[in-house]
1. Which residue, of ALA41, ALA74, is small (Gly, Ala, Ser) and under 17 Å from the mean Cα position of the chain (by Cα)?
2. In segment 35-84, what residues are among the basic types (Lys, Arg), part of a loop (DSSP other than H, G, I, E, B) and either without any contact (Cβ under 8 Å) to a residue 12 or more places away in the chain or in contact with a Phe, Trp or Tyr (Cβ under 8 Å, 6 or more places away or on another chain) (or both)?
Amino acid sequence: MSVHKAITKHVKKQNSRITEFIRLDHERERYIDIAVQDCQAGKEYSVTEINAITVKMNELAKLGAVPQRKIVTAEMVEEYAGKLETS
């Protein structure tokens, strides 16, 4: 394989990872928003979906080109919801 083809293949893989990471990040943010809104409304909420997506994102991060994301706890959601209420 020529150097040009190898570089092209590598760049395509990285671009694919980045595109998937961005898609997952948007989905994760959507679930975070839902959890925060439910928390603020005094409803039950879960971080399960958020963290399932986070695991997928972190698997991509292990391959390179994208950052790791933190696992989200209920306490993190409550703290963020509280900050939004006082803003």
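1. Details: ALA41 fails: under 17 Å from the mean Cα position of the chain (by Cα).
Residue meeting the stated conditions: ALA74.
2. Within segment 35-84, just LYS43 meets the criteria.
Read the figures in this text as sums done on the coordinates, not as results from a lab. The model shown is predicted, which means the values in this text are computed figures rather than measured ones. Every residue, glycine as well, gets a Cβ built from its backbone with ideal geometry; the counts of neighbours run over all protein chains shown.
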